[in-house]
Amino acid sequence: MRAKDKPGLSIRINLPGGGRFGPGKAALLDAIAELGSLNKAASQLGMSYPRARKLVEEMNRDFDTPLVLSSQGGTDGGGSRLSETGQKLRDVYRQLCQRSDAHNKALLEQIGQFTKGK
């Protein structure tokens, strides 16, 4: 995570077919992985459950295999988890963000000289 008082990058990937993957969907994947529930993940992110479900449906549609796997209630109580592809995508996206920040550190610092928060 980047400090709020310094400029940083926010990477959004334009996918074939018109879909997009960026920080919001990555945060949703992180919360699902941590909490094991789409409802709890949505709540933690301050997002409605229908909005979170729509984002998961978009992600599952945009990739060859679903990123999030969900099961209905029952004796196990249901829940959501990341597929292997979802885990790998999340890891690769984080690496991309970290490398981009590191590579552009000097330029970001220059931009920071012009901001009000310096």
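Against the test of being farther than 27 Å from T115 by Cβ and either assigned to a helix (DSSP H, G or I) or modelled with pLDDT of 95 or more (or both), the options R99, R61, R94 yield a single qualifying residue, R61. When A42 is tested against (1) among the aliphatic types (A, V, I, L, M); (2) without any contact (Cβ under 8 Å) to a residue 24 or more places away in the chain; (3) not in a helix (DSSP H, G or I), just one condition goes unmet, and that condition is (3). Once the stretch 51-72 is narrowed to residues that are among the small types (G, A, S) and surrounded by 12 or more Cβ atoms within 10 Å (Cβ to Cβ), the residue that is farthest from the chain's Cα centre (by Cα) is S70. Counting only residues that are hydroxyl-bearing (S, T, Y) and either surrounded by 16 or more Cβ atoms within 10 Å (Cβ to Cβ) or within 18 Å of D91 (Cβ to Cβ) (or both), the stretch 11-50 holds 1 of them.
The values are calculated or read from the model by the stated rules, or taken from the named source; none is laboratory data. Note that the structure is a prediction, hence the values are computed from the model and not measured. Ideal geometry is used to build each Cβ from the backbone, glycine not excepted, and the neighbour counts take in all protein chains shown.
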